[in-house]
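The values are calculated or read from the model by the stated rules, or taken from the named source; none is laboratory data. Note that this is a predicted model, so its numbers are computed, not measured. With ideal geometry, Cβ positions are generated from the backbone for all residues, glycine too; neighbour counts draw on all protein chains shown. Heavy atoms of the whole protein, side chains included, go into the accessibility calculation; ligands, DNA and RNA do not. Shrake-Rupley method; radii C 1.70, N 1.55, O 1.52, S 1.80 Å.
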Amino acid sequence: MNCTSQDLQHVWNQYGSIMLTAHVSPDGDAIGSLLTLYHWLKTQGKHVVIVIDDDIDDKFNFLEDVNAIQKPAAVQTDDTWLSVVLDATSSDRCGKVAALMKGKVVNIDHHISNEHFADWELVRPDMAATGEILTELFQQWGAVMTAPMADALYMAIATDCGFFKFSNTTGHTLRMAASLVDNGARPNIISEHLEAQSLIKLRALSEVLKHIELFAGNTVAGISFTPDVLKHTGEHTGGYIDYARNVKGVDVAFTVKYISDTETRVSLRSKSIDVNAIAATFGGGGHVRAAGCTIAAPLAKAKKMLVKEIIRDK
Ligand code: 5GP
Ligand code: MN
């Protein structure tokens, strides 16, 4: 059951040491939400660490304190620590950080597929981003919103709703974003940093675009990140799915990425069908219009299984 903003304040008051974490392959919402809560909890006199079981894309380097994010091997906790899981549906989604959650756990999240695993939770699938939930919480707590916090939260919200273009954008999303701009968030600087691409990355994009395939009467578009394509792009392939999504007439976009000969990582986006349901058939989850999963099969087979499942649902 969801706790209130006051309940959460009581929870913070009980703890001196707090570990913050989010899902593997952290996106703008995960990073922005983590950095903001980190900043604020430190002003409350807490000993706070941020741990992510993954590399952080260097496009986030412009954010204050991004260097504070540590890998699980560098951190030790015990059962007197509070763990706060942001933007993730389960402790498993945090990879090796799950083993550091030795005491009580708070979960603040907006995924429809949330597994309700925490001791205290605030799960709001009606919100476009975890950053949107946090913005409201900070208002309810009467927190001082500094400009770096506002930048990080604005980025969190904007990246999860396609810069206010996706169907999860509500009046509340825009009101929260507006309040952040009033407190010093810089929409132009944030999009410049996130959109800036090195020439190497732009050339990688031209390679990726060659690999867009269409299915189901051109209503489904997919990109395969084979080891050969990954040589061009590197491991951070998160942004490319939007190019498949933007192909005219396409309703469902997906990427399949080589992890190993027996494991394939999948991302899904849609304009009308429920891709959370598709991801769930493979043990994943996410949102109705953006979801992901890992399929225990080689890439070519995983792609076939996925396309079959998408077409069944259309
Ligand atoms: P992405 O495609 O950007 O990795 O993920 C899209 C959305 O689905 C994100 O909100 C992400 O947290 C969620 N998601 C991706 N993969 C998984 C998964 O394996 N399990 C669950 N529960 N959610 C996922
Ligand atoms: Mn999110």
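Determine whether Met101 is more than 18 Å from the chain's Cα centre (by Cα), in the same structural domain as Trp12 (by TED's automatic domain parsing) and crowded, with 19+ Cβ neighbours inside 10 Å. Against the criterion (more than 18 Å from the chain's Cα centre (by Cα), in the same structural domain as Trp12 (by TED's automatic domain parsing) and crowded, with 19+ Cβ neighbours inside 10 Å), Met101 qualifies. Screening the candidates His39, His23 for the property of being open to solvent by 20 Å² or more (accessible area, probe 1.4 Å), touching a residue at least 60 places away in the same chain (Cβ under 8 Å), within 18 Å of Gly131 (Cα to Cα) and of a type outside the set (A, V, I, L, M) yields one hit, His39.
Looking only at segment 272-300, which residues are of a type in the set (D, E, K, R) and in contact with a strand residue (DSSP E or B) (Cβ under 8 Å, 6 or more places away or on another chain)? Hit for segment 272-300 is Arg289, nothing else. With the structure loaded, tell me whether Leu20 is in a helix (DSSP H, G or I), modelled with pLDDT of 95 or more and not β-branched (Val, Ile, Thr) or whether it fails that test. In short, no.
If you go through segment 87-104 and keep only what is touching an Asp or Glu at 6+ places or on another chain (Cβ under 7 Å) and within 16 Å of ligand 1 (Cβ to nearest atom), you end up with Asp87, Ala88, Thr89, Ser90, Cys94, Gly95, Lys96, Val97, Ala98.
Matching residues to (1) more than 20 Å from the chain's Cα centre (by Cα); (2) at negative phi; (3) in contact (Cβ under 8 Å) with a residue 12 or more places away in the chain:
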residue: Ile190; (1), (2), (3): no, yes, yes
residue: Leu194; (1), (2), (3): no, yes, yes
residue: Leu199; (1), (2), (3): yes, yes, no
residue: Ala204; (1), (2), (3): yes, yes, yes
residue: Glu213; (1), (2), (3): yes, yes, no
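Asp92 - would you say it is over 17 Å from His23 (Cα atoms) and acidic (Asp, Glu)? Criteria not met by Asp92. Scanning segment 112-132 for residues that are of a type outside the set (A, V, I, L, M), more than 22 Å from Tyr15 (Cβ to Cβ) and either modelled with pLDDT under 95 or crowded, with 24+ Cβ neighbours inside 10 Å (or both) yields a count of 2. Is at least one residue of segment 64-82 within 16 Å of ligand 1 (Cβ to nearest atom), outside any helix (DSSP H, G or I) and open to solvent by 40 Å² or more (accessible area, probe 1.4 Å)? Within segment 64-82, not a single residue is within 16 Å of ligand 1 (Cβ to nearest atom), outside any helix (DSSP H, G or I) and open to solvent by 40 Å² or more (accessible area, probe 1.4 Å). Cβ separations smaller than 9 Å between residues 6+ apart or across chains give the following pairs from segment 252-280 residues that are within 14 Å of Leu230 (Cβ to Cβ) and among the aliphatic types (A, V, I, L, M) to residues that are within 16 Å of ligand 2 (Cβ to nearest atom) and at pLDDT 95 or above: Val256/Ser267. Looking across segment 274-292, just one residue is within 16 Å of ligand 2 (Cβ to nearest atom) and either farther than 18 Å from Phe166 by Cβ or more than 20 Å from the chain's Cα centre (by Cα) (or both), and that is Gly284.
Return yes when Lys96 is touching a residue at least 24 places away in the same chain (Cβ under 8 Å), under 21 Å from Gly239 (Cβ atoms) and open to solvent by 60 Å² or more (accessible area, probe 1.4 Å) and no when it is not. For Lys96, the condition - touching a residue at least 24 places away in the same chain (Cβ under 8 Å), under 21 Å from Gly239 (Cβ atoms) and open to solvent by 60 Å² or more (accessible area, probe 1.4 Å) - is not met.
Pairs are defined by a Cβ separation below 6 Å, a sequence spacing of at least 6 or placement on different chains, a first member in segment 57-84 that is in the same structural domain as His236 (by TED's automatic domain parsing), and a second member that is surrounded by 14 or more Cβ atoms within 10 Å (Cβ to Cβ) and modelled with pLDDT under 95; no pair meets this definition.
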